[in-house]
1. Please specify each residue of segment 201-220 satisfying the condition of being among the polar types (S, T, N, Q), under 27 Å from residue 188 (Cα atoms) and surrounded by fewer than 14 Cβ atoms within 10 Å (Cβ to Cβ).
2. So which residues in segment 469-522 are β-branched (Val, Ile, Thr) and under 21 Å from residue 265 (Cα atoms), if there are any at all?
3. Kindly list, by first and then second residue, each pair from a residue in segment 417-441 that is aliphatic (A, V, I, L, M) to a residue that is part of a loop (DSSP other than H, G, I, E, B), limited to pairs with Cβ atoms under 6 Å and residues at least 6 apart or on different chains.
4. Count, please, the residues in segment 485-524 that happen to be of a type in the set (S, T, N, Q) and either part of a loop (DSSP other than H, G, I, E, B) or on the phi > 0 side of the Ramachandran plot (or both).
5. Using the structure shown, decide if residue 223 is over 30 Å from residue 436 (Cβ atoms) and either surrounded by fewer than 19 Cβ atoms within 10 Å (Cβ to Cβ) or hydroxyl-bearing (Ser, Thr, Tyr) (or both).
6. Just to confirm my filter: which strands (runs of 3 or more DSSP E) fall fully inside segment 267-367 and include at least 1 residues that are closer than 22 Å to residue 180 by Cα and in contact with a strand residue (DSSP E or B) (Cβ under 9 Å, 6 or more places away or on another chain)?
7. Identify the single condition in (1) in contact (Cβ under 8 Å) with a residue 12 or more places away in the chain; (2) farther than 20 Å from residue 479 by Cα that residue 232 does not satisfy, given that it satisfies every other one.
Amino acid sequence: MAPDDTPAALRAALADLHGGSYARYRSLRGRWALGAGATLVVTRTQPDPFAPPSRCEVHLDAAAAGFPPGLRATATRARALASVLARAAAAVPASPFRVDAGGPEVLQRSSCEVGPAGDVVLRFAYPLPGPRRRVDGRTATHELTTLLPDLVHRCLRAAAHDAEELRAVVDAVDDASWLRAALPRLGLVAFVADGAVLARRSGADDRPAEDAVAFRSPPSLRTTVDLPHRGPTTGAGIGEGVTVVVGGAFAGKSTLLRALEAGVADHLPGDGRELVVTRPDAVAVRAEDGRAVTRVGIDAFVGELPGGLRAADFSTPDASGSTSQAAAVLEALEVGCGLLLVDEDTSATNHLVRDARMQALVAREPLTPLVDRVRALHAALGVSTVIAVGASGDFLDVADRVLLMDAFVGTDVTARAREVARTPTGRVPEAGGRIVVRARVPDPGSVRVTARGRVRAGARGTDTLLLGEEEVDVRAVRQFTDPAQVAGAAHALARLVVAGHLDGRRTLAQALDLLDAEPAGPAGPLPGWLAGLDADVAVPRRHEVAAALDRLRTLRVLSVG
């Protein structure tokens, strides 16, 4: 082994620092050989023991990693492989190295990348030891020159993993990603495989529920897809148009909808939803009392408003349930949503439907309910809808298919629903005019990304996005499933401003197109604008980035087209 490929220099540096002021740790910034093809890169050191942990990377060259080309041949396969490696590193018992492995979703994360040539980069937080604010060089030496190389040996090398198990995970993610891309060609918006486990243990535990009823597709929806690795696989193919999911309380309709919301991301085998796949531009919308709405054209759902307000260019700092949900729909359409996911339980009733009795009693109503717009959304814009309802029976009139959930078992009751719908209710459709989706041009000066002179972007759990001096409430953005996703969206917003994609002339959709088109970074498939960040982030969809921007209370819009 060459002298410069050993941790001797790092040991000597730490021995020299031992007992010194804690601030002397900053001299560790840079590259240090660990041996056996591994290099430690210290990117940021904490100023004191109580500050956020230091940030480090381990780079393992392709020859030492040893992963065959078949496991990393595409960006999808490399992402799946990186997810396995990050989870292995995060699971090392009593490790001082904090690796972001996330939940069951297989997201593109900054914590681990597998490059096209097979090299591996692992990024982690490391609290440098420093009792009494003095450098503990002995402990740091043990952790960085013994524990860290051992973690690399046990977690980041092909020889440390069962080859068949590793391939099974990568193939499963590859199958799901392939199927998601194939949905439009198949005329489907979603696919739910037979045997899938949809129910979760609790709202705080995303593992599959114990003793859950496995999904079984109704014969009329049963579809067989020929997956690249798994081969012929049967399940329920949910077609384009309007799908209404009905059922009583606790029957599983919301559980199915939650699984479809999660289906925009790949999942690990064993999650139960690894072959619950939804088209990638699906967006869940809901009512959100009190949120800000900035110059959104909601006239598809709202007519004449009091006080001189214009529905075609609507703003409020404190939206009602119905106007917030109408805005959420139009905001989703503005940036390319192709499938709306709606749950009656989290919706404003008057946004969904107005029944015959209320029509008879209240003659003047500015709201046009969703039930009178879903057909036009599909016919005119190609946007499908899946809606779960337990009380809004008027949706039976507009459904292409109706799925009844009963004790978590789905049955196609479309024919029966059409018989029921033949009984007149006296309700009169209220829609009029075409649906216009207006493009907005955000003011980049209103998206302030700095605090105390530095770019500030991050997250507090999945509820709060941090940008500049602002805290953005994103609790209602249901497809944020991981704090790293929220942090990724914050950095995406910062990038839109810093790179000039938001320039006061481009629409929001055009700016997001530029962001999506940015090339990958040098280490692997992670977008270049996320490369080099000393933070744990996951790549967000454009839909969540836009949703976060729409909830930024300082946002100004220069024009609405």
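1. Keep residues of segment 201-220 that are among the polar types (S, T, N, Q), which gives 202, 217, 220.
Those left that are additionally under 27 Å from residue 188 (Cα atoms): 217, 220.
Across segment 201-220, the qualifying residue is only 220.
2. Residues of segment 469-522 β-branched (Val, Ile, Thr): 472, 474, 477, 481, 486, 497-498, 507.
Passing the criteria: 474, 477, 481, 486.
3. 431/368; 431/373; 435/300; 439/507; 439/561; 441/507
4. Initial filter on segment 485-524 (of a type in the set (S, T, N, Q)): 485, 507, 510.
Now restrict to residues that are either part of a loop (DSSP other than H, G, I, E, B) or on the phi > 0 side of the Ramachandran plot (or both): 507.
Number satisfying all stated conditions: 1.
5. yes
6. Numbers: elements: 276-278, 282-285, 293-296, 314-316, 339-343.
Where strands (runs of 3 or more DSSP E) fall fully within segment 267-367 and carry at least 1 residues being closer than 22 Å to residue 180 by Cα and in contact with a strand residue (DSSP E or B) (Cβ under 9 Å, 6 or more places away or on another chain), they are 276-278, 282-285, 339-343.
7. (1)
One line per residue, one yes/no per condition, for (1) more than 23 Å from residue 341 (Cα to Cα); (2) in the same structural domain as residue 511 (by TED's automatic domain parsing); (3) assigned to a loop (DSSP other than H, G, I, E, B); (4) over 28 Å from the mean Cα position of the chain (by Cα):
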site: 386; (1), (2), (3), (4): no, no, no, no
site: 418; (1), (2), (3), (4): no, no, no, yes
site: 425; (1), (2), (3), (4): yes, no, yes, yes
site: 428; (1), (2), (3), (4): yes, no, yes, yes
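The values are calculated or read from the model by the stated rules, or taken from the named source; none is laboratory data. Computed from a predicted structure; not experimentally measured. Glycine also receives a Cβ, built like all others from the backbone with ideal geometry; neighbour counts cover every protein chain displayed.
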